[in-house]
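Enquirer: Shown below is the structure under consideration.
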Amino acid sequence: MRYELFVALRFLRQGGAQTVLIFGGAAFGVGVIVFLTALLDGLQNNLIDRTLGSQAHVVVRAPDLTTKRPFRLGPGEKGAAVVERPAQRLQGVDEWPKVMRTVEAIPGVTATSPVANGPGFIRRGQAEKSINVFGVVPERFDRIVPITPKLIEGHFRLEGGEVVIGQVLADDLGVGLGDKIRLTGTQGVSEVFAVAGVFDLGNRQVNQRWALVSLRAAQALLQLPGGITNLDIRVEEIFEAQALADQIERRTGLKADSWMVLNNDLLVGLKGQSSSGTMISIFVVIAVALGIASVLIVSVVQKQREIGIMRATGTTAQLIQRIFLIQGAIVGGFASVLGSLLGAGLAKLFEGLAQNPNGSPTFPVSLSPGLFVTASLVAVVVGLASAWGPARRAARLDPAQAIRSV
Amino acid sequence: MSEPILELRGITKNFGTEVVTEVLRGLDLRLDRGELAALMGPSGSGKSTLLNVLGLLDRPNSGELTILGQDTKSLDDAALTRLRGRALGFIFQFHHLIPGFNAWENVALPQAALAGRMMDEHQATARRMLEEVGLGDRLDHLPNQLSGGQQQRVAIARALVHHPALVLADEPTGNLDSHSADEIFELMRRFHRELQTTFLVVTHDSRLADRCDRIIELVDGRIVQDRRR
Ligand SMILES: Nc1ncnc2c1ncn2[C@@H]1O[C@H](COP(=O)(O)OP(=O)(O)O)[C@@H](O)[C@H]1O
Ligand SMILES: [Mg+2]
């Protein structure tokens with residue numbers, strides 16, 4: 001074993017209770033950070049997953065027709081008239097196949113789905129429900145909002161005259177596979193569809209109001225011949241969505257909104273959570289660093305004589321400094337391993353505490369390899385940084401003085 | 001013509017900044033290869049201070065110090081440490097072994113520090129040296145498991161394992177009963193004979209000093225007598 005490492009390990013071993021304390025304290029600190037981060041990341045991923053479970057990352061629409069026209073009220077005064085488009089008319093995306101090709105060519109876009117979307121009613125016997133009609137191409141829509149894996153029964157293919165509805169709506173209407181229901185658009189166009197599938201997206205609003213039909217059928221119901229109301233987009237990196245939306249707006253002249261804008265409140269909340277998590281981690285890191293540093297300072301004072309003898313017998317000041325830095329690194333390294341295990345164990349324990357009816361955890365935690373790598377790096381760097389002062393001090397000890405102080 | 005190991009000219013050493021104590025007041029001295037010199041003098045005369053200066057643990061305030069032909073003034077701390085580790089050996093009154101390390105480790109540590117090598121590469125040499133001083137069966141003993149005389153033997157093994165040109169011993173027998181003191185002194189004499197090592201030994205014991213080739217006497221920071229026999 002190398003001399004520096006040999007001496008560093010021996011010094012730590014001689015530290016006894018002191019060593020146990022800094023190892024334990026540092027490991028506990030790392031454990032707290034790992035646990036807290038796993039918990040927060042898990043919570044945030046869960047919230048984002050839920051939000052994006054029934055939402056496109058980016059939605060492209062026709063620009064609003066709403067414009068403001070300035071006019072004169074009197075001398076020096078101006079007003080603005082708001083000219084709105086007729087409430088009933090749906091606004092289609094012009095030349096959407098071309099738009100779709102343009103968008104698909106943008107790097108970072110992984111899927112697109114044309115959607116004809118508008119309000120409507122469902123009638124079955126006496127029951128009448130207001131619903132949200134979605135005209136989609138199933139295999140494309142599945143890549144935006146995965147319906148197929150969420151089907152309770154039936155299939156998601158939408159051959160002519162088929163409709164797929166949410167499980168709450170099916171219950172409200174008392175319908176099942178193969179039953180016929182009549183869909184009516186706001187313009188009064190109406191048609192009969194057979195229920196081909198029932199889904200549960202885990203969101204009551206969606207389960208109660210969504211009715212998925214073929215694009216062509218929706219175009220007829222909503223009086224949008226050949227048109228779509230929006231192009232739904234999935235992107236590679238969800239947090240790049242807004243940047244991509246901006247890019248899409250520039251390239252197409254259409255309006256593109258990312259989920260980040262549509263769920264701004266959620267994002268502000270998540271950011272706040274992340275920064276309080278970071279603050280707590282920073283305080284823990286400071287406490288751990290101070291702990292390591294103070295124990296090492298005490299050890300330098302206790303080992304004055306040993307250091308003096310080593311200096312007198314061929315150990316350079318640089319080597320002495322390295323011996324104490326190594327001790328810091330060992331504490332950090334040990335803390336990163338034990339702390340990661342501790343934090344991961346705590347997180348798993350916490351995850352097991354509460355479960356959803358389907359057996360999935362209520363509070364899923366996120367233990368990514370990146371978390372352990374970061375925690376370990378932080379621990380070793382903190383170990384080294386907090387050993388820096390004590391190591392300098394040890395290296396500066398005057399050997400003659402140290403030997404005299406018997 | 002004998003080979004000079006150590007030469008000092010006009011060495012002074014002061015302590016303190018406000019109240020200045022002059023401890024060494026202009027010393028000239030030369031030690032040649034193979035000399036066994038005793039350094040005597042009353043307590044407080046500056047013997048330990050002189051040894052620290054010669055041992056490169058302390059820098060003099062003025063004067064020149066040459067070791068193995070190398071002027072030491074221009075050397076930085078790392079170079080001084082290397083020269084010290086290579087050319088010098090120390091034996092202190094309170095043996096100054098490192099408490100947490102056993103006998104062979106105490107002997108091997110300076111070697112490993114100097115060579116920047118693995119500890120176990122020096123284990124064999126350390127063991128051989130400890131056998132030489134009669135501690136072949138105490139290799140794994142910690143200092144506090146050894147008697148005073150045995151500890152001082154380990155210190156001698158540590159000081160001589162790398163065959164230094166000069167060994168500085170500060171009252172190496174001062175803490176021992178006269179029987180152990182004789183043994184330790186004879187051990188040093190043996191290495192002096194066998195390895196042609198130069199020794200400068202601080203002692204109050206004129207009985208031991210009489211067995212040296214040279215007696216240097218320090219009073220109040222000045223060499224007042226330098227006798228060769
Ligand atoms: N670090 C120091 N600071 C101040 N005075 C010192 C220091 N070291 C030694 N002295 C003084 O120098 C004088 C000589 O000390 P020392 O060399 O230990 O003498 P000796 O070894 O001959 O007994 C003493 O008066 C002592 O008080
Ligand atoms: Mg003394």
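Here, each number is a calculation from the coordinates, and none is a lab measurement. Because the structure is a prediction, the values reported are computed rather than measured. Cβ atoms come from the backbone with ideal geometry, glycine included; neighbour counts cover every protein chain shown.
Enquirer: Counting partner chain Cβ atoms within 10 Å of every residue's Cβ in B:77-86, what's the average?
Expert: Averaged over the peptide's residues, the number is 4.
Enquirer: For the pair A:Ala385 and B:Asp76, what calculated FRET efficiency results from E = 1/(1 + (r/R0)^6), where r is the Cβ-Cβ distance and R0 = 30 Å, to the nearest 0.05?
Expert: It comes out at approximately 0.65.
Enquirer: What whole number of Å gives the distance from the Cα centroid of segment B:93-130 to the Cα centroid of segment A:250-319?
Expert: 39 Å
Enquirer: Follow-up. Run the Debye formula on the Cα coordinates of segment A:99-249, all scatterers equal and no solvent, and tell me log10 I(q)/I(0) at q = 0.15, 0.17 1/Å.
Expert: Evaluating at q = 0.15, 0.17 Å⁻¹ gives log10 I(q)/I(0) of -0.75, -0.93.
Enquirer: Below 8 Å between Cα atoms, with a sequence gap of 6+, how large is the relative contact order for chain B in percent?
Expert: Averaging sequence separation for qualifying contacts and normalising by length gives 28 percent for chain B.
Enquirer: Still on this structure, please answer the following. Determine which residues of segment B:194-214 fall in the zone a paramagnetic label at B:Asp182 would reach in this model, i.e. backbone nitrogen under 13 Å from the point 7 Å along Cα→Cβ.
Expert: Under cut-off, by backbone N: B:207-208.
Enquirer: In degrees between 0 and 90, to the nearest 10, how far off the longest principal axis of chain B does helix B:103-115 point, with axes built from Cα atoms?
Expert: 60 degrees
Enquirer: A further question follows. Given labels modelled 7 Å from the Cα in the Cβ direction, how far is it in nm from B:Asp226 to A:Lys271?
Expert: Calculated label separation equals 8.1 nm.
Enquirer: May I ask you to derive the relative contact order of segment B:42-174, considering only C-alpha pairs under 8 Å and at least 6 residues apart, and to give it as an integer percent?
Expert: 33 percent
Enquirer: Whole-Å semi-axes of segment A:222-360's equivalent ellipsoid, largest first, each the root of 5 times a Cα gyration tensor eigenvalue?
Expert: Sorted largest first and rounded, they come to 57, 22, 13 Å.
Enquirer: Restricting to bridges with both residues inside the protein assembly as shown, how much of the DSSP beta-bridge set is antiparallel, in percent to the nearest 5?
Expert: 70 percent
Enquirer: In addition: Once chain B is represented by equal point scatterers at the alpha-carbon sites, with solvent omitted, what log10 I(q)/I(0) does the Debye formula produce at q = 0.09, 0.12, 0.16 Å⁻¹?
Expert: Log10 of I(q)/I(0), two decimals: -0.36, -0.65, -1.15.
Enquirer: A further question on this structure: Report, largest value first, the span of the C-alpha coordinates of the protein assembly as shown along each principal axis, in whole Å.
Expert: Result for the protein assembly as shown: principal-axis Cα extents of 131, 69, 39 Å.
Enquirer: Right, here's the next one. Please order A:Glu104, B:Glu18, B:Glu194 by the number of other Cβ within 10 Å, starting at the fewest.
Expert: Lowest to highest Cβ neighbour count: B:Glu18, B:Glu194, A:Glu104.
Enquirer: To continue, here is another question. Can you compute the FRET efficiency between B:Arg128 and A:Arg404 using 1/(1 + (r/R0)^6), with r the Cβ-Cβ distance and R0 = 41 Å? Round to the nearest 0.05.
Expert: Between B:Arg128 and A:Arg404 the formula returns 0.80.
Enquirer: With 10 angstrom as the radius, rank A:Lys150, A:Lys180, A:Lys303 by how many other C-beta atoms surround their C-beta, starting from the fewest.
Expert: Result, fewest neighbours first: A:Lys180, A:Lys150, A:Lys303.
Enquirer: Kindly count the pairs of lysines across the protein assembly as shown whose alpha carbons are less than 15 Å apart, treating pairs on different chains or eight or more residues apart as eligible.
Expert: Total qualifying Lys-Lys pairs in the protein assembly as shown comes to 4.
Enquirer: Also, I was wondering about something else. What does a probe at B:Arg30 reach in segment B:204-229, counting residues whose amide N is under 16 Å from the point 7 Å along Cα→Cβ?
Expert: Of the residues in segment B:204-229, B:226-228 have backbone N under 16 Å from the label point off B:Arg30.
Enquirer: Moving on. Give me the distance in nm between label points sitting 7 Å out from Cα along the Cα-to-Cβ direction at B:Ser147 and A:Ala194, one decimal.
Expert: Here the modelled spin labels are 10.8 nm apart.
Enquirer: Averaged over its residues, how many other protein chain Cβ atoms are within 10 Å of peptide A:386-399's Cβ atoms?
Expert: 1
Enquirer: Continuing with this model, one more query. Counting only the backbone N, which residues of segment A:1-28 are under 18 Å from the spot 7 Å out from the Cα of B:Met118 toward its beta-carbon?
Expert: From segment A:1-28, the list is A:1-10.
Enquirer: Only counting other Cβ atoms within 10 Å, I'd like A:Thr362, B:Thr125 sorted with the fewest neighbours first.
Expert: Arranged by neighbour count, lowest to highest, A:Thr362, B:Thr125 become A:Thr362, B:Thr125.
Enquirer: Across peptide A:3-10, what mean number of C-beta atoms from other chains lies inside 10 Å of a residue's C-beta?
Expert: That works out to 5 on average.
Enquirer: Could you tell me which of rounded, prolate or oblate describes segment B:73-204, using a ≥ b ≥ c as the square roots of the eigenvalues of the alpha-carbon gyration tensor, with rounded for a/c under 1.5 and, failing that, prolate when a/b is larger than b/c and oblate otherwise?
Expert: It is oblate, given that a/c is not under 1.5 and a/b is not larger than b/c.
Enquirer: Something else now. Quote the FRET efficiency, to the nearest 0.05, computed for A:Asp179 versus A:Val337 with a Förster distance R0 of 56 Å and r equal to the Cβ-Cβ distance.
Expert: 0.40
Enquirer: Which of the DSSP-defined H helices in chain A satisfy a minimum axial length of 15 Å, computed from C-alpha atoms, and a minimum mean Kyte-Doolittle hydropathy of -1.0?
Expert: Helices meeting the span and hydropathy rule in chain A are A:3-15, A:17-52, A:241-252, A:264-302, A:317-353, A:369-396.
Enquirer: For segment A:108-139 and segment A:168-215, compute the distance between their C-alpha centroids and round to whole Å.
Expert: 9 Å
Enquirer: Compute the distance from the alpha-carbon center of segment B:185-207 to that of segment A:336-406, in whole Å.
Expert: The two parts, judged by their Cα centres, are 54 Å apart.
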